[in-house]
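The values are calculated or read from the model by the stated rules, or taken from the named source; none is laboratory data. Just so it is clear, the structure is predicted and the values come from calculations on it, not from any experiment. Cβ placement follows ideal geometry from the backbone for every residue including glycine, while neighbour counts extend to all protein chains displayed. Just the protein is used for accessible areas: all its heavy atoms, side chains included, with ligands, DNA and RNA removed. Shrake-Rupley method; radii C 1.70, N 1.55, O 1.52, S 1.80 Å.
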Amino acid sequence: MRRRHVVIVVCPLLALVAILTAHAWAPYWHPSDRAYPDQGIDVSHHQGRIDWPLLPAQGVDFAYIKASEGGEFRDPDFARNWAGARAAGVRRGAYHFFTQCRPGADQAANFIAMVPADADTLPPAVDLEHMGPCPRAVTPAALRTEIATFLRLIEAHYHMSARLYLTREYDEAYAISAHFDRPLWLRSIVWKPRFGARPWTLWQASNFHRLDGINGRVDWNVARP
């Protein structure tokens, strides 16, 4: 009877230790460097001032930096992050947060006004995850028409195919990856993506990573080898 009491007490303690260990370790987890040697982050003004020189030693090979959103919003930290990444030797690309409430042409003009057509950058990316609300409903076909306009304009300007950042919910609702033959950047926290019309190019594996030089959490991504 005494031994059973000991087991009953020890098991919850071991479970608590395991939970606390996992909680402490999780912010520093990322997919294997051996399997995915090219890894990086995506950032916006939400990360505040970033100490870019500290990042390469922590495994940050590339960064996608938010430039714009919708037809008017421009990230106030974009220029500083764009210059900081380059100075630190971090390969950089820019992304636009696409909204359903503005025409694709307006959103493309907003992005192009913010992002220099530098020769040493990653392909532009469009973040497709916002599903409303808008003053009036947008059909999947109408939304895809606006996305097509956005892609046509930015690809003509930067002479590169854009990357499509997608959540499972957005892709299932609007069949984006099936309609647009572009490299996919898929969000699937911890587990490898199991959606999309073709294999992913980038995988957003974590939205809770921690790095010296960034205050708070940051998204962590890996590139397919």
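Overview of values
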quantity	calculated
Carbon + sulfur, % of accessible area of the chain - ligands and nucleic acids excluded, 1.4 Å	57
Mean accessible surface per residue for region 49-96, computed with a 1.4 Å probe while every protein chain stays in place, in Å²	43
Candidates Gln58, Gln47, Gln107, ranked by Gaussian network fluctuation over the chain, Cα under 10 Å, top entry	Gln58
Selected from Ser188, Ser206, Ser32 as most flexible by GNM, with the chain as the system and alpha-carbon contacts under 10 Å	Ser32
Simple label model, 7 Å out from Cα along Cβ direction - Val190 to Glu72, nm	4.0
GNM flexibility winner over the chain from Val190, Val90, Val60 (Cα, springs under 10 Å)	Val190
Residues of region 36-61 with amide N under 18 Å of a point placed 7 Å along Cα→Cβ from Asp106	none
Among Pro199, His159, Thr121 - extreme Cα towards positive end, dipole of the chain, charges at beta-carbon	Pro199
Inter-label distance for Asp120 and His30, nm, one decimal - labels placed 7 Å from Cα along Cα-to-Cβ	2.1
Helix runs (DSSP H) in the chain reaching 15 Å along axis by Cα, Kyte-Doolittle at least -0.5	2-25, 104-114, 140-158
The chain - percent relative contact order, Cα under 8 Å, separation 6 or more	22
Computed [θ] at 222 nm, helices only, for the chain once each DSSP H run of length n ≥ 4 contributes -39500 (n - 2.57)	-10500 deg cm²/dmol
